[in-house]
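Reading through the structure tokens given below for one structure.
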Amino acid sequence: MKRVLSISLIASGIFASQVMLAQKTAHKPSAASAAAKPGTAAWTPEVQQYLGVEQGSFRMVGLNHLSKAQLDALVSSAKQNFTGDPRKHILTCGPATPAQQGRTRVLLTVSGDDSSGQRATEIRHALGTIEGVDLVDSPAAADRTLHVVIQEQTLGKRTIGYTASYVTGTPCMDDFHKNEAEIKGQLGTYTDPKGVDLANDLARMLKQDIAAPNAPSQ
């Protein structure tokens, strides 16, 4: 009788052990289910845009060990820093088609006290005489920009000259905000007592700006 009871207890113990092992196995998540578990960090295009991590490098750098909330917070922080600092925006600069070797496409804008358009005509003509410069009509077609603001100098009711404030730049597209942007170049002012030499001064400045080794990239 004791022997039968002992065998019964042993059999019951083995069965109980098997049940417990089956329960542990059933509750242990597989690697696949762990990767798909809600709340787990996963690669997204924003991770590459703001953290610079490609999909193939996501696990290599250990981001898969973060929770989704932690990764979202990291991307959000990078996004705020990215949009808060214009120097960190992704900019695509210059036209889609490269300029011919030795040539620079320039967009000229002239505003201010130039109602007759005479100063703008003089400046456009002077820029056109620069070897290797082609004037264009839109930022999308330009390698460089020149923005000029004319101010008339008067004495009483008589015009005694003109001042031209100018800034050069490289036209770009802000890929994040999807709008036009510029990398500013040279800034300055020219004053001419007669006005006729103002255009030539600006042309000389632009020629030097294009040739300068530290000029904005085209």
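The values are calculated or read from the model by the stated rules, or taken from the named source; none is laboratory data. Quantities reported herein were computed from a predicted structural model and do not represent experimental measurements. Note that we place each Cβ from the backbone using ideal geometry, even for glycine, and neighbour counts take in every protein chain shown.
Here are the numbers:
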| read-out | value |
| --- | --- |
| The range 107-129 residues that are in the same structural domain as L206 (by TED's automatic domain parsing) and under 16 Å from D192 (Cβ atoms), paired with ones that are aromatic (F, W, Y) and modelled with pLDDT under 95 (beta carbon under 7 Å, 6 or more apart) | R119/Y162 |
| All positions within the range 96-106 that are surrounded by 16 or more Cβ atoms within 10 Å (Cβ to Cβ) and modelled with pLDDT under 85 | A99 |
| Among the candidates E122, E131, residue that is within 21 Å of Q208 (Cα to Cα), among the charged types (D, E, K, R) and touching a helix residue (DSSP H, G or I) at 6+ places or on another chain (Cβ under 6 Å) | E122 |
| Residue that is modelled with the lowest pLDDT, among those in the range 33-70 that are part of a loop (DSSP other than H, G, I, E, B) and within 21 Å of I90 (Cβ to Cβ) | V61 |
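Condition check ((1) in a strand (DSSP E or B); (2) touching a residue at least 24 places away in the same chain (Cβ under 8 Å); (3) under 14 Å from P139 (Cβ atoms)) across all residues:
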site	(1), (2), (3)
T154	yes, no, no
Y162	yes, yes, no
T168	yes, yes, yes
E180	yes, yes, yes
L187	yes, no, no
G195	no, yes, no
A199	no, yes, no
I210	no, yes, no
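The rows are residues; the columns are (1) buried (at least 20 other Cβ atoms within 10 Å of the Cβ); (2) part of a loop (DSSP other than H, G, I, E, B); (3) over 32 Å from the mean Cα position of the chain (by Cα).
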| site | (1), (2), (3) |
| --- | --- |
| L108 | yes, no, no |
| S115 | no, yes, yes |
| R119 | yes, no, yes |
| R124 | no, no, no |
| I130 | no, yes, no |
| L135 | no, no, no |
| A140 | no, no, no |
| V149 | no, no, no |
